[in-house]
Amino acid sequence: IGGYSTSVLGLARAQAEAGDQVTILGYVRDEAGRGVVQDGLEVISLFDSADPGTIRFGLDFIRESARWASSRRSMFDLVHNHSGFPDYFLASDRARKATGLPSLHTMYCPIPASGGRFNLPLVRGMLRRAAGRMDRLLAMSRNVAASMTAWGLGDVSAIPPPVDLERFKDGSDRETTRHALGIEDDEPMVLFVGNATEQKNLAGTLEAFALLLQQAPNAKLVMTTELPRTSSDAALQRLRTLMSDLKIEDRVIQLGIVDTMPGLMRACDVLVAPFKDSYGPSDYFMVVLEAMATGRPTIVSNVGGMPEVVADDRGRLVDPHDARAIADGLATYVLDADLRRTAGLAARRFAESTFQASTIADIHRSIYEETAA
């Protein structure tokens, strides 16, 4: 779960289908997610159990990933590191030293220009030196690439993430999914995918949805939440209280972690993702790309790299702090089925031209061959 985890897996699958031998090294909590995924792709979990998100985990990962890669260096031609935050430049540098192999690093979130641990003078200097020893630096978006350059990292190439265009496309199960959720044919469905943290702005979504109901009283909101770490009982209770105060409980369907995301995408009429920034989610919100691939318009916060992918012909960019703006964006598509259909078709065309997995795998193959040479 998570934007850059999805991106890494999608890229690895496309590379394996193109004939490469790929090993993903990380931490996978569920044993069902470990081992051979398909021909040419294996997932290795460094730990049987761990507590991701802690400093201890980061230090353990740096040490164990370097040890594992060093003992198996003859199996690989290069190492490609992926992370949301610049801390993991240290893991990249350690693996490079341990293996002596060409090394690349892709960043999925912008590096803030000031504040935070990344910009403490000693930490910043250490991370920049580690990044500077990479053979190539890559970024998910032009916005992330610009932030890395401004941070002092030199030449960075922007390559968009792949999206499984076959898995995420319109399909015949739309009505079945809607009926299973208790949504009638004439009830517009708004979908939110995220968690209960302030950053994902589910509270702002609920406030905007309450305003939308003044114009479309038959609309329904389906929202998913993720893990206990990001959707605690206390946070969920605050959201339930807010729904009660807004008197919208009977129009909201709350789900937990789902394994039927393509079906939910097909069931919805519009997706809303008013995240407050892209310093934790990937700079391109993956749920937005998946909704676009499914042919759905999206209401997205005007932050990070999202202006690079959302335009008026296929969605709306809004101020995530303005519930009225979010509601007005939703109303644009909820109240106009023809515009919804036209915008969805434009979104799908953009996804096909920008996020085709085989094309993105080919771009990486060219970079790998150039780097290895």
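The values are calculated or read from the model by the stated rules, or taken from the named source; none is laboratory data. Quick caveat: nothing in here was measured; it's all calculated off a predicted structure. No Cβ is skipped: glycine too gets one built from the backbone with ideal geometry, and neighbour counts run over all protein chains shown. Keep in mind that these areas ignore ligands, DNA and RNA; they rest on the heavy atoms of the full protein, side chains included. Shrake-Rupley method; radii C 1.70, N 1.55, O 1.52, S 1.80 Å.
Values computed for the structure shown
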| quantity | calculated |
| --- | --- |
| List Ser244, Ser7, ordered by accessible area with a 1.4 Å probe, largest first | Ser244, Ser7 |
| Relative contact order %, the range 137-261, counting alpha carbon pairs below 8 Å whose residues are six or more apart | 21 percent |
| C-alpha center-to-center spacing [the range 312-373, the range 198-271] in angstrom | 22 Å |
| The range 48-138: chymotrypsin sites (Phe, Trp or Tyr not before Pro) falling in loop per DSSP and having at most 13 other Cβ within 10 Å | none |
| The chain - accessible surface per residue (Å², probe 1.4 Å) | 45 Å² |
| Cα-projected label distance for Phe57 with Arg73, points at 7 Å along beta-carbon direction, nm | 2.9 nm |
| 222 nm mean residue ellipticity, helices alone, for the chain (DSSP H n ≥ 4; -39,500 (n - 2.57); rounded to 500) | -13500 deg cm²/dmol |
| Fluctuation leader among Thr298, Thr354, Thr106 - the chain, Gaussian network, Cα springs under 10 angstrom | Thr354 |
| Normalised alpha carbon radius of gyration of the range 1-120 [divisor 2.2 N^0.38 Å] | 1.07 |
| Candidates Leu104, Leu239, Leu138: whichever shows maximal mean-square fluctuation once the chain is modelled as a Gaussian network with Cα springs under 10 Å | Leu239 |
| Val252, Val300, reordered so the largest accessible area comes first (probe 1.4 Å) | Val252, Val300 |
| Relative contact order (%) - the chain, alpha-carbon pairs under 8 angstrom, separation at least six | 17 percent |
| Hz values of 3J(HN,Hα) by residue in the range 301-311 - Karplus curve (6.51, -1.76, 1.60), Gly and Pro given as x | 5, 7, 9, x, x, 5, x, 6, 10, 10, 9 |
| Residue of Ala357, Ala267, Ala98 that the Gaussian network model of the chain assigns the largest fluctuation, springs spanning Cα pairs under 10 Å | Ala98 |
| Length gained when the stretch His321-Leu255 is fully extended (0.36 nm per residue, less Cα-Cα span) | 21.3 nm |
| Accessible-area order (highest first, 1.4 angstrom probe) of the listed residues Tyr284, Tyr27 | Tyr27, Tyr284 |
